[in-house]
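Here the structure is laid out as structure tokens; the discussion comes afterwards.
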Amino acid sequence: MWRDALRTIIVLCIGFSASAVAAQHYGLGRAPTAAEIHAWDIDIGPDGAGLPPGHGSVAEGQKIYAERCAACHGEKGVGGLADRLAGGFGTLAMNKPVRTVGSYWPYATTVFDFVRRAMPFNAPQSLSADEVYAVSAYVLYLNGVVSESAVLDAKSLPAIRMPNRDGFTSDPRPDVPAR
Amino acid sequence: MANEKTLIGRRGLLAASAGFLGASVSSGRGQASNDSEGLVPPWSKEQGAPIRESSYGEPSPFEKNVVRRPRGALPTFPSAGTSDTPLQNLTGIITPNGLVYERHHAGIPPIDPAQHRLLIHGLVDRPLILTMDELTRFPSVSRLHFLECSGNSSATWTGGNPKWTVQDTHGLLSCCEWTGVLLSTLLDEVGIKPAAKWVLAEGADAAGLSRSVPIDKALDDAIVVYAQNGEKLRPEQGYPVRLFLPGYEGNMSVKWLRRLKLGEGPFQTREETSKYTDLMPDGTARQFTFIMEAKSVITFPSGGHHLKGPGFYEISGLAWTGRGRIKRVEVSTDGGTSWHEAQLQEPVLSKCLTRFRLPWTWDGGPATLQSRATDETGYIQPPRRMLTDVRGFNSYYHLNGIHPWHIDPSGGVSNVA
């Protein structure tokens, strides 16, 4: 009787501790609503995943750029206080490389992603999807990547092949000879 | 203290104490002080300041110059800047919270933790949204790790400036005890779909700073951190929650973490394409260079210090590696001709600063001091020249070369330009 009771207690203890260790789900937090995910899920994949409906032209982008971007980045993406956005082609192997959207960025989708999340500097996440398409189109136009008549949307933006698309390699380190 | 002095004065306080304690104080001392020549400092002869009931303790006013400083001119856009840790003034391996280096891309957001949420979604079975209270209920870990900006020491690729201190050359480096929830715990909670290979980490700052993290790292030792050195994260360190990736370049430990999204491939964010990539001499660029390789630097004596004549000094410095533990640190006092094995402060922890020390007697002549770290993989910290031979001068990030300091016969210590 005593032994049985003891055995039961031991079995219960083992069972309890095993389940405590095995528990992977703590039941904390809750499932997000679709609206919450929609509001926060702003990243754009290199394949265009996440691009919203809408469209914008180079001409529309030129107007928005003049009002919201040029003060920091220069009238045509050159000569401002903030990062240079245009030109620099052929300089990456030189002593003073000029890294711009056109000369360096491997994906056009990153332009949309970054402008939407972080620009304009004084009002991030304030541009509409149409405006972001338009500004992206204008910056790409300044680099000769799209034509003056281009209109970008969720289909045409990820189809753009950037000039430096193949300019990146993986990490080869350690890259110094062993001693 | 000033008030007490004004009201009572030293003699008055002594008289009051004697009166309070009565006969037990007055016997056997006579009238003459044992300090007729003024050799006992005044602070040993009067009551100190009372405890400060409502304030957060601060260093002695004599240490007011031990502060974070930006190197060079302030940035064009003040919210996108850096400040460096004063390594020349610190001992041991822990960086006090107020001195942990800063790198912000869009300033320090004033986040209310009651309103902040962490969303985990994408290729998971059960998307999850957590309050900070809920996050802190998960099983936690506390681990000591260094944090180093990938751009630390970048200004010295081409040599540097004789006036630079170790704060200027290596100050984008700090080390704390970080407390939080292992990311693997949270990923177990949401259930990872087999196709998920990368995790996007995104901050709640105005930059929405975002980086892609390989799933292997996320499941290995990544921590979702809410505290440092025993207290909640400082605002400039990501309050109320940040990601922490031990051994990886600092910007990947995304501060003010608001979202983790699992996906099949890297998300190719602006920071991991146009910014934190390393340009090589042929014009190609290395991408996803995550690990901070073995590195060390002497912090005493270092630039700006002044040795007060020949004699004994303890050379001391820091070594670290993103690949695990430091195995050995060697120090040279003759510009690299001969090397001496330094003593490592125990315990030597993985992906953590390791303090090293070497006794040294300075003979008063010119000397060049430098340190060389070896990590547990056998990797030996290279001279800068070995790095520039391979990488040229445009890669900017990940400079982990040997760093010499020159001591001139007057005792001045300067960066070797």
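The values are calculated or read from the model by the stated rules, or taken from the named source; none is laboratory data. Computed from a predicted model, the values in this text were never measured in an experiment. Counting neighbours? That spans all protein chains shown, and the Cβs are built from the backbone with ideal geometry, glycine included.
When the strands (runs of 3 or more DSSP E) confined to segment B:47-150 are screened for residues that are within 14 Å of another protein chain (Cβ to nearest Cβ), those reaching at least 1 such residues are found at B:117-122, B:128-131. Quick one: in segment B:256-265, which of the residues that are more than 8 Å from chain A (Cβ to nearest Cβ) and touching a Lys or Arg at 6+ places or on another chain (Cβ under 9 Å) is nearest to A:VAL101 (Cα to Cα)? Going through the qualifying residues, I end up with B:GLU264.
Every condition in (1) outside any loop (DSSP other than H, G, I, E, B); (2) buried (at least 18 other Cβ atoms within 10 Å of the Cβ); (3) within 14 Å of chain A (Cβ to nearest Cβ) is met by B:PHE356 except one, and the failing one is (3). The lone criterion from (1) in contact with a Gly (Cβ under 6 Å, 6 or more places away or on another chain); (2) of a type in the set (A, V, I, L, M, F, W, C); (3) farther than 30 Å from B:LYS217 by Cα left unmet by B:PHE356 is number (3).
Among the candidates B:GLU202, B:GLU189, single out the residue that is charged (D, E, K, R) and within 26 Å of B:ILE108 (Cβ to Cβ).
Details: B:GLU189 fails: within 26 Å of B:ILE108 (Cβ to Cβ).
On inspection, the qualifying residue turns out to be B:GLU202.
Looking across segment A:27-58, just one residue is assigned to a helix (DSSP H, G or I) and in contact (Cβ under 8 Å) with a residue 24 or more places away in the chain, and that is A:VAL58.
Picking from residues in segment B:237-255 that are crowded, with 22+ Cβ neighbours inside 10 Å and not in a loop (DSSP other than H, G, I, E, B), the one that is nearest to the other protein chains (Cβ to nearest Cβ) is B:TYR248.
Within the option set B:ALA195, B:ALA206, being of a type in the set (Gly, Ala, Ser), assigned by TED's automatic domain parsing to the domain that holds B:ARG258, surrounded by fewer than 18 Cβ atoms within 10 Å (Cβ to Cβ) and not in a strand (DSSP E or B) holds for one residue only, B:ALA195. With respect to the conditions (1) within 24 Å of A:ARG117 (Cβ to Cβ); (2) outside the structural domain of B:THR95 (by TED's automatic domain parsing), B:THR299 falls short on a single one, namely (1).
Which ones in segment A:152-179 are more than 8 Å from chain B (Cβ to nearest Cβ), crowded, with 16+ Cβ neighbours inside 10 Å and touching a residue at least 40 places away in the same chain (Cβ under 8 Å)?
If the condition is that a residue be more than 8 Å from chain B (Cβ to nearest Cβ), crowded, with 16+ Cβ neighbours inside 10 Å and touching a residue at least 40 places away in the same chain (Cβ under 8 Å), then A:LEU152, A:ASP153, A:ALA154, A:LEU157, A:PRO158, A:ILE160, A:MET162, A:PRO163, A:ASN164 are the ones that fit.
Return yes when B:SER332 is touching a residue at least 12 places away in the same chain (Cβ under 8 Å) and under 19 Å from the mean Cα position of the chain (by Cα) and no when it is not.
Spelling it out, it is not the case that B:SER332 is touching a residue at least 12 places away in the same chain (Cβ under 8 Å) and under 19 Å from the mean Cα position of the chain (by Cα).
Of the numbered criteria (1) under 14 Å from B:LEU144 (Cα atoms); (2) among the aliphatic types (A, V, I, L, M); (3) part of a strand (DSSP E or B), the one B:LEU349 fails is (3).
Out of all the residues in segment B:333-341, is one or more within 14 Å of another protein chain (Cβ to nearest Cβ) and closer than 17 Å to B:GLY401 by Cβ? For segment B:333-341, residues within 14 Å of another protein chain (Cβ to nearest Cβ) and closer than 17 Å to B:GLY401 by Cβ: present. Selection within segment A:24-59: residues that are more than 8 Å from chain B (Cβ to nearest Cβ) and polar (S, T, N, Q). The member of this set that is nearest to B:ALA204 (Cα to Cα) is A:THR33. When segment B:346-379 is filtered for residues that are among the aliphatic types (A, V, I, L, M) and closer than 14 Å to B:GLY324 by Cβ, the ones remaining, listed by number, are B:VAL348, B:LEU349, B:LEU353, B:ALA373.
Test B:ARG323 against the stated conditions and say whether it is in a loop (DSSP other than H, G, I, E, B), among the basic types (Lys, Arg) and either within 14 Å of chain A (Cβ to nearest Cβ) or surrounded by fewer than 24 Cβ atoms within 10 Å (Cβ to Cβ) (or both). Considered against the rule, which asks whether it is in a loop (DSSP other than H, G, I, E, B), among the basic types (Lys, Arg) and either within 14 Å of chain A (Cβ to nearest Cβ) or surrounded by fewer than 24 Cβ atoms within 10 Å (Cβ to Cβ) (or both), B:ARG323 comes out as yes.
With the condition kept exactly as written, say whether any residue in segment B:218-226 is touching a His at 6+ places or on another chain (Cβ under 9 Å) and at the interface with chain A (Cβ under 9 Å from one of its Cβ atoms). Outline the logic, then answer.
Narrowing segment B:218-226 to residues touching a His at 6+ places or on another chain (Cβ under 9 Å): B:221, B:223.
After this cut, where a residue has to be at the interface with chain A (Cβ under 9 Å from one of its Cβ atoms) as well, the list is none.
The answer is no; no qualifying residue exists.
Can you find even one residue in segment B:378-397 that is over 21 Å from B:THR158 (Cβ atoms), in a loop (DSSP other than H, G, I, E, B) and free of Cβ contacts under 8 Å to residues at least 60 places away in the same chain? Before the answer, list the steps.
The first filter runs over segment B:378-397 and keeps only residues over 21 Å from B:THR158 (Cβ atoms), leaving B:378-380.
This time we only want the ones that are in a loop (DSSP other than H, G, I, E, B), so: B:378-379.
With free of Cβ contacts under 8 Å to residues at least 60 places away in the same chain added as a condition, the list becomes B:378.
Yes.
The residue list B:THR169, B:THR185, B:THR158 contains one member that is in contact with a Gly (Cβ under 9 Å, 6 or more places away or on another chain) and among the β-branched types (Val, Ile, Thr), which is B:THR169.
Do we find a residue being under 16 Å from A:ARG30 (Cα atoms) and in the same structural domain as B:ASP278 (by TED's automatic domain parsing) anywhere in segment B:138-157?
Checking segment B:138-157: at least one residue is under 16 Å from A:ARG30 (Cα atoms) and in the same structural domain as B:ASP278 (by TED's automatic domain parsing).
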